[in-house]
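Data block below; observations after.
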Amino acid sequence: MSLALALLLVVFVLLVLLDAPIAVALGLSSMFYLVIADAAPLIVVAQRAVAGINSFTLLAIPLFLLAGLLMVHGGLAPRIIALCSALIGRRTGGLAMVMIIACMMFGSLSGSGVADVVAIGTMMLPAMKDQGYAPGFSASALGCAGSLGTVIPPSIVLIVYGTATNSSIGQLFVAAIIPGILLGLGLMLVAWWISRRNGWQGGEPFFWGELGRAAKGSILAMLAPIIIVGGIRLGIFTPTEAAGIGVAYALFIGVFVYRALSLSTLMRLLRETTEMTGVILLVIASASVFGWILAAEQVPQMAVNGITQATQSGTVALLMMMAVLLILGTFMESIAIILILAPVFLPILGHYGIDPVYFGILLTINLAIGANTPPLGIDLMAACRVGEIPLSASFKYLIPFLGVMVGVLLLLVLFPALITELPGILF
């Protein structure tokens, strides 16, 4: 390792520890490297940053963000919750399971973990508090369930990974379906177990008539993921075009069917989408410069040599990469991790014959776990903010939820067919 590369990593880590925004840490450390190493003029920073976001596929990010916001404020999200509530009834831990199922369903509309947490949490946490659920339990369950929005298609994280590794986004979407369901079922099991110990119940009693009315009312909401994923699978449109279709669909339903979207609301949602997109693209642009430096310093080759010398087993190598991702996920933002490590890990995957689509799903689950692990834990922090409780109040209940997510991750490592079988059938 050269002195300039060592200084690059030291400056980056120091900036992260000083709580600098991840985009700033990536950009400043990259500029510091170029000055110290005298490797290239600083104009390269701007050139690589622009090249990093010059992708038609990345246009799907603001479109999916906008589609998610339109569905929340256009009346689709409340109907999803009504269906889940009617389905679960007054079972033990019913409201917690309703929240988890609703997060899974809304995750198939928004593509964002934080959007999932905020949309479902603002409607579910007050009801759970009224029913006697501990606020810390509700927040930890919401944070972990909301992070499924980064796994269940259409996931913005999967779009970024597919762009970074030149993998099929359609295959990634299909491959994430079974893991997303397994994660949801695991979280529901934990929620039921904790609720049973504390005597927490559901909402209203179960009635077939109520279930029928809720199902009828949610048909339009449930059609959205079918249109998006089905259209991509059938080759009717690309993921980016699917995002545009999602916006058009949500806009039409919210304005003309449910009449819940006004002009002022639309302008506010456009502003929020612009702000969120700006943050994401700034991270992508800065990470593009950082990744270019790592490639120039032959970090991917060093990583390949280090792991291949340590083990000849693809499974062991995979577990080593998972351990690295779990650690980094506790203090780094998901998109930055993908853009920095995907080019590093890609040659390792090729050496061991590991499918990049398969690895992408494992990576995404790692990031969902990291999104609920302090000190960063962005989804957990959002859930605690919605629940108006300190982050520490959720720690007592967090470990079982994270434990089941790690368990599902290990299950998928040991049984790859759970990820690869569905894309193999459909593509």
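The values are calculated or read from the model by the stated rules, or taken from the named source; none is laboratory data. These numbers were taken from a predicted model, which means no experiment stands behind them. Positions of Cβ are backbone-derived with ideal geometry, glycine not excepted, and every protein chain shown enters the neighbour counts. SASA here: full protein model, heavy atoms, side chains in, ligands and nucleic acids out. Shrake-Rupley method; radii C 1.70, N 1.55, O 1.52, S 1.80 Å.
What to note about this one:
- Identity of the residue in region 225-245, modelled with pLDDT of 80 or more and in contact with a Leu (Cβ under 7 Å, 6 or more places away or on another chain), that ends up farthest from ILE80 (Cα to Cα): THR240
- Of everything in region 302-355 that is of a type outside the set (S, T, N, Q) and free of Cβ contacts under 8 Å to residues at least 12 places away in the same chain, the residue that is surrounded by the most Cβ atoms within 10 Å (Cβ to Cβ) is LEU349.
- For region 408-420, taking the residues that are in contact (Cβ under 8 Å) with a residue 12 or more places away in the chain and more than 18 Å from the chain's Cα centre (by Cα), the one that is nearest to GLY186 (Cα to Cα) is identified as LEU411.
- Checked against (1) of a type outside the set (Phe, Trp, Tyr); (2) more than 18 Å from ALA250 (Cα to Cα); (3) in a helix (DSSP H, G or I), THR92 passes all but a single condition, namely (3).
- Scanning region 260-299 for residues that are at pLDDT 80 or above, open to solvent by 60 Å² or more (accessible area, probe 1.4 Å) and of a type in the set (S, T, N, Q) turns up SER264, THR274.
- The residues of region 154-176 that are surrounded by 24 or more Cβ atoms within 10 Å (Cβ to Cβ), in a loop (DSSP other than H, G, I, E, B) and at pLDDT 85 or above amount to a single one, ALA176.
- Per the listing MET104, MET99, MET124, the residue uniquely in a helix (DSSP H, G or I), farther than 21 Å from ILE226 by Cβ and at pLDDT 85 or above is MET99.
- Count of region 367-387 residues which are out of contact with any Leu (no Cβ under 8 Å at 6 or more places or on another chain) and either among the aliphatic types (A, V, I, L, M) or touching a residue at least 40 places away in the same chain (Cβ under 8 Å) (or both): 5
Condition check ((1) farther than 19 Å from LEU87 by Cα; (2) open to solvent by 10 Å² or more (accessible area, probe 1.4 Å); (3) of a type in the set (D, E, K, R); (4) at pLDDT 90 or above) across all residues:
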{"position": "VAL118", "(1), (2), (3), (4)": "yes, yes, no, no"}
{"position": "MET128", "(1), (2), (3), (4)": "no, no, no, no"}
{"position": "GLY136", "(1), (2), (3), (4)": "yes, no, no, yes"}
{"position": "ALA139", "(1), (2), (3), (4)": "yes, no, no, yes"}
{"position": "GLY143", "(1), (2), (3), (4)": "yes, no, no, yes"}
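- Helices (runs of 4 or more DSSP H) wholly inside region 316-413 containing at least 1 residues that are hydroxyl-bearing (Ser, Thr, Tyr): 334-352, 356-370
- Pairs with Cβ under 7 Å, 6+ apart, first in region 204-230 and over 26 Å from ILE159 (Cα atoms), second open to solvent by 60 Å² or more (accessible area, probe 1.4 Å) and modelled with pLDDT under 80: GLU204/ARG90; PRO205/ARG90; PHE206/ARG90; LEU211/LEU87
- Qualifying residue in region 29-44 (condition: open to solvent by less than 20 Å² (accessible area, probe 1.4 Å) and under 30 Å from GLY121 (Cβ atoms)): no
- Number of residues in region 368-385 that are among the aliphatic types (A, V, I, L, M) and either open to solvent by 40 Å² or more (accessible area, probe 1.4 Å) or modelled with pLDDT of 90 or more (or both): the value is 5.
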